[in-house]
Amino acid sequence: MKKQKLNQGWCFWKESHEADKKQIDLPHDAMLEEERVPDLENGNATGFYPGGKYFYAKTIYGEEAYEGKSVIVEFEGVYMNSTVLLNGEEIGGWIYGYTNFYVDLTQHLRIGEENELKVIVDNSLTPNSRWYSGSGIYRDVNLYVGGKEHIVPDGIRVTTLSTDPAVIRVETETTADAGTEMICEVFWDGNKIAEGRTADFQTEIPEAKLWDAENPNLYTLKVRLMKQDIVIDESEIRFGIRSLAWDAEQGFQVNGKTVKLKGGCIHHDNGPLGACSVYKAECRRVKKLKELGYNAIRYSHNPAGKLFLDICDVVGMYVLDETFDQWKLSQTTYDYARYFDSEWKKDVQALVKKDYSHPSVIMYCVGNEITDTGLPHGALICQEIAGTIKSLDVSRPTMIANNVLLSVMAKKMAEKKAAEAAMSDEEKRVAEEKTVGSQDVNNVLTLLPKIMASITAENQEALLKDVFSHVDIVGYNYGELWYEKTHEMVPERVMLSSETFPCKIGSNWKRVEDSPYLIGDFMWTAWDYLGEAGVGLPFYGSTQAPFSKDYPCLTAGCGSVDLTGYVESQGYYTSIVYGTYKKPYIGVRPVDHAGEEYTVGKWRLTDAVNSWSWPGQEGKIADIEVYSIGAEVELLQDGNSLGRKPLEECRAFYQAEYRPGRLEAISFDATGNEIGREALVSAGETEKMTILPEETVLKADGEDLVYINILLTDEDDIVKMLKDRKIAVAVEGAGSLRALASGNPETTEKFSDSSYTSYHGRLLAIVQSNGEKGTIKVTASAEGVETQTVELMAY
């Protein structure tokens, strides 16, 4: 079928605000336009953004060419509870906010007339997510037009049967009757290299170029549906030839070679763009993570979008695609658990159908931190989900990302409730009088010490072995204590460190490298995100801090890369552990907090930053962290050695009295040979603003983006960490300002504002094409520094 985007020219309004209708283009995140609410229930989960009920409408003209044709609309992602109407008649909808779905307009479209396509999105019942979900139509919408006999959207499946020789199977689902012919052609670099003429055929690919993360080779498959020598429909997809295998002896294998997964977890939001899935934003994120040494992404905790998977196919990034964050038992008041029984199967089917021909997808996760696993019905649900996946795709493994604490807690809570149910009325009255506040919270606090003390590899296995028996790979969230003992008890099990604290990445990666049965590690988290406010935020003045923080905290504050794409110390440390970054890295704990008690959340490695510019802090003792590959490192201050120290898990620690000047780190291998060196120099007195666009050319398509870094620096372009200013950004010509943002986890500012305060001397501006060709002039101004301008070109 002919496919075209249906993203432009929509009308949007919020319930009870129809007078405020406005024209928008998709993708669109309605939640990002809401005013944040400081006392919102469970507000820290979403960054204090509320939900709502929203309306989208677009006029579609019933062209004469549509007469006798099939007309289908695809929604790649709508959060959540959507209802689709055409000319006021309900014709479809979807509950889950993360799987794509189709609505057939064919029988309802009025030919020769204007038709109103309306989508009602109801995200008013909150809280329904443990993180920032966004609201509305946040992924692409596509229009498919074809004959009554056509190739079904997502109906082409390519399976690698073998890699030596390279043999593939091509299956095509159609609505065609007898009397049609199929012509399938495989192309490499524009040249046809193989073909088949049935809806289900096998063919050998000569001199095949295999796909993996290091060599993301993609072929093109063109399929034509013929009738009486006339093409009645055609479709085209890209695919890669690659095989997967897994066992405890050889680990995880791609094309017969063992691969260790250097993984990072990410949520689906794109920071200042909210939940909107935009090509440049998704591509930038994947490329930056690959540059840091990641070869795998765990899409947490929901299905990835098509655009994201397309990019991972091209760039070369393995993807663990995930189904759900809950089954029957809720994580939040109004979440997917309310619909699980009636909806899970079609969402799993949609996930697998979407993923099938993407070589980047290497694994399906049946659930994350599912509390049901601690109860008897958990194993049955796991069996049903994994079995449904295997009925659709046997080429990829299934796994579960289990948090044993939640499993045990669910079991203990069930036991406690059963005991309470057996109490006499008087016993219940006494128990209730002793309860203060939330019953569930008190139960957790009461049981937590006993739960932690009770968890061993043995009783974990006794509780969860039936659940684990239904998946190919068992993922352990924060389970590094139990790997070796569990392997002794279940030597055939393939394990994955599905979530790891950043502070554990050094020791845990060594376990992964040394243990064939442990196939990889996914650190939480690779990229900072909206919501789960402040779980990694540094907290000064105390060694204790709450799990999450109050308003105005906006982001989790825990990424290897911050919300703007700036790589933090944690990101360089991970890159060094993976062996990707070869030079030493110097991190300095904030000298303006020297000597204070402090803590950082478990989901953050450190508060150290890559700067030796701390004016006004002279004479204070600075804590310095040096990360490097190799065996030893030496740190010099203004040419004087502060000592040569062994690297333990790629880290060494120093202290020095702060004074402006130069720090230099030199790394050495085990034989004493120098590996590399890196220096930090203090910024000078002068101050200027520097504009650094990541690109200077963009497409004049109304969608393309350019990311522009705006820095406060000295005359030598050294960033001045403590010189933050409110910076105004104006855009003229063939573009518009899409968003402004900093890496500050705590702010009341809006991404949509035309001015924003820098953080640690940095600000990000995102400029979008307006669809016209020509020059785009971007001007940044702030009090006390000279205004700066840069020009971009839209073609």
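The values are calculated or read from the model by the stated rules, or taken from the named source; none is laboratory data. Bear in mind the structure is a predicted one, so any value in this text is a computation, not a measurement. Cβ atoms come from the backbone with ideal geometry, glycine included; neighbour counts cover every protein chain shown. All accessible areas refer to the heavy atoms of the entire protein, side chains included, with ligands and DNA or RNA removed. Shrake-Rupley method; radii C 1.70, N 1.55, O 1.52, S 1.80 Å.
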- Query: Of the residues that make up the range 279-295, is at least one open to solvent by less than 10 Å² (accessible area, probe 1.4 Å), in contact (Cβ under 8 Å) with a residue 24 or more places away in the chain and of a type in the set (S, T, N, Q)?
  - Reply: no
- Message: Just to verify a result, which residue in the range 81-101, among those that are open to solvent by 10 Å² or more (accessible area, probe 1.4 Å) and of a type in the set (A, V, I, L, M), is nearest to Gly305 (Cα to Cα)?
- Response: Ile95
- Being of a type in the set (Phe, Trp, Tyr) and under 28 Å from the mean Cα position of the chain (by Cα) narrows Tyr66, Tyr54 down to just Tyr54
- Query: Out of curiosity, is Ala665 in contact with an Asp or Glu (Cβ under 6 Å, 6 or more places away or on another chain), more than 24 Å from Lys262 (Cα to Cα) and open to solvent by less than 20 Å² (accessible area, probe 1.4 Å)?
  - Reply: yes
- Item | Meets criteria (hydrophobic (A, V, I, L, M, F, W, C), open to solvent by 70 Å² or more (accessible area, probe 1.4 Å), modelled with pLDDT of 55 or more and within 30 Å of Ala248 (Cα to Cα)) for Ala421 | no
- Filtering the range 364-389 down to residues that are charged (D, E, K, R) and either assigned to a helix (DSSP H, G or I) or free of Cβ contacts under 8 Å to residues at least 12 places away in the same chain (or both) yields Asp372, Glu384
- Item | Considering residues of the range 216-246 that are over 30 Å from Val474 (Cα atoms), open to solvent by less than 30 Å² (accessible area, probe 1.4 Å) and of a type in the set (A, V, I, L, M, F, W, C) only, the residue farthest from the chain's Cα centre (by Cα) | Met226
- Task: Determine the pairs where a residue that is crowded, with 18+ Cβ neighbours inside 10 Å, located within the range 147-163, has a partner that is assigned to a strand (DSSP E or B) and of a type in the set (Phe, Trp, Tyr) with Cβ atoms under 6 Å apart, the partner being 6 or more residues away or on another chain.
- Result: Pro153/Tyr144; Val158/Phe239
- Among what's in the range 649-659 and is within 39 Å of the chain's Cα centre (by Cα) and without any contact (Cβ under 8 Å) to a residue 60 or more places away in the chain, pick the residue that is surrounded by the most Cβ atoms within 10 Å (Cβ to Cβ). Ala652
- Residue pairs meeting the criteria (Cβ under 7 Å; at least 6 apart or on separate chains; first over 18 Å from Ile370 (Cα atoms), in the range 443-470; second modelled with pLDDT under 95 and buried (at least 17 other Cβ atoms within 10 Å of the Cβ)): Asn443/Met413; Leu447/Met409; Leu447/Lys412; Ser454/Val408; Ala457/Trp482
- Show the residue pairs that are 6+ apart or on different chains and have beta-carbon atoms under 7 Å apart, the first residue being within the range 77-96 and free of Cβ contacts under 8 Å to residues at least 24 places away in the same chain and of a type in the set (A, V, I, L, M), the second being part of a strand (DSSP E or B) and open to solvent by 10 Å² or more (accessible area, probe 1.4 Å). Ile91/Leu85
- Only one of Val626, Val609, Val600, Val591 is touching an Asp or Glu at 6+ places or on another chain (Cβ under 7 Å), surrounded by 16 or more Cβ atoms within 10 Å (Cβ to Cβ) and among the aliphatic types (A, V, I, L, M), namely Val600
- Query: Is there any pair linking a residue in the range 540-560 that is more than 20 Å from Glu597 (Cα to Cα) and in contact (Cβ under 8 Å) with a residue 40 or more places away in the chain to one that is surrounded by fewer than 21 Cβ atoms within 10 Å (Cβ to Cβ) and charged (D, E, K, R), with Cβ under 6 Å and at least six apart or on different chains, and which?
  - Reply: Pro552/Glu746; Cys553/Glu746
- The correct count of residues that are at positive phi and assigned to a loop (DSSP other than H, G, I, E, B) in the range 83-124 is 3
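Any idea which residue in the range 701-738 is surrounded by the most Cβ atoms within 10 Å (Cβ to Cβ), counting only those that are assigned to a strand (DSSP E or B) and either at pLDDT below 95 or among the basic types (Lys, Arg) (or both)? Give the steps one after another, and end with the answer.
Quick first cut of the range 701-738, residues assigned to a strand (DSSP E or B) only: 705-713, 719, 726-733, 735-738.
If we keep only those that are either at pLDDT below 95 or among the basic types (Lys, Arg) (or both) too, we end up with 726, 738.
Details: Lys726: 14, Arg738: 21.
The extreme case among them is Arg738.
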- Provide a single number: the residues in the range 14-26 that are open to solvent by 20 Å² or more (accessible area, probe 1.4 Å) and touching a residue at least 40 places away in the same chain (Cβ under 8 Å). 3
- Does the range 480-491 contain any residue that is under 28 Å from Ile385 (Cα atoms), at pLDDT 95 or above, open to solvent by less than 80 Å² (accessible area, probe 1.4 Å) and in a strand (DSSP E or B)? no
